[in-house]
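One structure below.
The values are calculated or read from the model by the stated rules, or taken from the named source; none is laboratory data. This structure is a prediction, so every number in the text was calculated from the model and none was measured. Cβ coordinates were reconstructed from backbone atoms using ideal geometry, including for glycine residues, and neighbour counts include every protein chain displayed. Ligands, DNA and RNA are stripped out before the accessible areas are found, and what is left, the full protein with its side chains, is counted by its heavy atoms. Shrake-Rupley method; radii C 1.70, N 1.55, O 1.52, S 1.80 Å.
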Amino acid sequence: MDLSIVVPCYNEEDNVKLFYQEVLKIFKNKKIKYEIIFVNDGSKDRTAEKLNELVEQKQQNIKVINFSRNFGKEAAMYAGLKETTGELVTIIDADLQQRPEIILRMIDILQANKEYDSVAAYQEKRKEGKVLTFFKNCFYKLINSISTVPFVQGASDFRTLRRKVVDAILEVSEYHRFSKGIFSFVGFNTYYLPYEVEERKNGTSKWSFWKLFNYAIEGIVAFTTTPLRIPFIFSFITLLVAIIYFIVTLFAGSNAFSVLLIIILFLFGILFALIGIFGEYLSRTYMQVKQRPVYIVKEKKESFKK
Ligand code: UDP
Ligand code: MG
């Protein structure tokens, strides 16, 4: 198989057939052997039936994976990637906001440039409100300042990956998945292809502000343990104030209140430090429990003596 197309679907009853026809049209006269893997993420509408009809047409290599309930797009992408057999793998939404013909451009880029291992569609102009853009900017500033892997603003999940990148992503098997971070975590050379997002064909977006907010927290917690160091900052400040206050009372004379205050400040300082120490152990345990690969090999070269 040359190409596997992974399509997460949640309540996309009016889109899946349109999407499928688009893809058929685009690849019609191309010599690319491809399969489409639809992951029906516990849709509550007739998505499952529509997908079943496509399977029954037996026109194309199609796989449909039906989840037992809604597990979220991250889980759907992971399940889809596991099923892929193609040398190249594309992840694309079912709602036609991401034009399927861009897949051809992605393939061309990968074929022409051996040094790139993945192509990520990236939104230059954002079609969204100023408030949302502001919050997104804040999120990217924050996460990039505390995380060790970079997060590229505007980069979407719409990507075409070489097999080795897919295999690397599948090695990251953690439960709380945040794909924007995982794509960066696995490394490799990514080509960022600017594209414009279309309007959704049918149905509604599953993202509300609140969902996005939770997703942002998910990203931070999944990719950095820096917040666990916050108690050390408090500890430092509290102990510093305690010491200054102690020195001041040495010269200015003490009373019951100042002695009590110094004791409280010292105790809190020590308490914050101890919480910080807990955090250090917890962060290491957390990272270990995730069982992320310690390294990912890009390529190996060998030579043998003649
Ligand atoms: N999706 C999914 N599970 C979910 C939510 C969304 O599989 O719980 C799919 C959805 O069907 C679509 C893609 O993920 O194919 C992107 O979702 P959506 O269009 O709602 O996001 P937006 O384009 O608004 O960011
Ligand atoms: Mg969409």
Scanning region 156-175 residue by residue, those within 15 Å of ligand 1 (Cβ to nearest atom) and crowded, with 19+ Cβ neighbours inside 10 Å turn out to be SER156, PHE158, ARG159
Reported set for region 94-136 where residues are more than 16 Å from ligand 2 (Cβ to nearest atom), open to solvent by 60 Å² or more (accessible area, probe 1.4 Å) and at pLDDT 90 or above is GLU101, ARG105, ASP108, GLN111, ALA112, LYS114, GLU115, TYR116
Restricting attention to region 204-214, the residues that are open to solvent by less than 60 Å² (accessible area, probe 1.4 Å) and either over 14 Å from CYS138 (Cα atoms) or outside any helix (DSSP H, G or I) (or both) number exactly 2
Screening PHE185, PHE234, PHE178, PHE223 for residues that are at pLDDT 90 or above, within 30 Å of PHE278 (Cα to Cα), surrounded by 14 or more Cβ atoms within 10 Å (Cβ to Cβ) and within 16 Å of ligand 1 (Cβ to nearest atom) leaves only PHE178
Flagged pairs (Cβ under 8 angstrom, 6 or more apart or on separate chains; first in region 106-121, among the acidic types (Asp, Glu); second in a strand (DSSP E or B)) are ASP117/LEU161; ASP117/ARG162; ASP117/THR190
Taking first residues from region 87-99 that are under 16 Å from SER4 (Cβ atoms) and second residues anywhere that are part of a loop (DSSP other than H, G, I, E, B) and not aliphatic (A, V, I, L, M), the pairs with Cβ under 6 Å that are 6 or more apart or on different chains are GLU87/ASP2; ILE92/GLN98; ALA94/GLU12; ALA94/ASN15
The correct count of residues that are within 14 Å of SER235 (Cβ to Cβ) and surrounded by 13 or more Cβ atoms within 10 Å (Cβ to Cβ) in region 253-276 is 10
Log entry, pairs with first residue in region 51-78 being without any contact (Cβ under 8 Å) to a residue 24 or more places away in the chain, second being open to solvent by less than 40 Å² (accessible area, probe 1.4 Å) and more than 12 Å from ligand 1 (Cβ to nearest atom), beta carbons closer than 8 Å, six or more apart or on different chains, reads VAL55/ILE62
